[in-house]
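Readers should treat all values here as calculations from the given coordinates under stated rules, not as data from a laboratory. Being a predicted model, the structure only gives us computed values, none of them experimental. Every residue, glycine as well, gets a Cβ built from its backbone with ideal geometry; the counts of neighbours run over all protein chains shown.
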Amino acid sequence: MVDDVLLALAASGGTAVVAAAGTDAWSGLRQAVARWFGRGDADRERAELERLDQTATTLQTTEPAELERARSDQKASWQALFRAAFETLDGAERDQAVEWLHHVLVRYTSQGSVAAGPGSLVVGGDSRVEADNGSFAAGVINGGVRTGTPSKPDPSQG
C-alpha cells in the first residue's frame, strides 16, 4: 500500500510533467523522469520518453477550449503511473526512488516558476507601466476606467 507521502509525491510528479511540457524545463525533466522510470533499463527508458513525448504533443495540439480537461487527464495519468511505480518497490529501493524523484521535482519545478490566474499579473523582474498624453496604463484593471478632467473634491474632504 502506498502511504500519503508517496501519494503526494506521485501527484507532484504528475503535475510537474504537465506543467513542464512545452517549457524550457521540459527537456531536462523529460530525461530525468524517463531515467527514473527506467531504473537502468534502456528499453523502459525509451518507452517512457515516448510516453512523455505523447503527453507534450497532446498538450500542444489540444484546442484551447479543451486544454484544461486535457491537462487534468494527463496529470491524473502521470500520477497513476508514479503511484504504480512506487507500489512495485520495497524498502530501500522505494526510499531511494522517493529521494531521487523528490530531487528531480525540486530541480525542475523550483526555477522561479509562478502562476497567475485570470485578472492577475506576475512579474519576475522589473516592470514598467507608463502612460502619457492623456492615456492610461495598468498591469491589471479590475473595474472600469474613465478619462477626462476629475471633479474638484468637496471642501470637507480636505
Exercise. For the range 8-107, rounded, prolate or oblate, judged on the Cα gyration tensor with a ≥ b ≥ c (square roots of eigenvalues), a/c < 1.5 rounded, else prolate if a/b > b/c?
Worked result: prolate
Problem set entry | Within the range 6-107: Cβ-based charge dipole about Cα centre, in debye rounded to nearest 20 (Lys, Arg +1; Asp, Glu -1) | 120
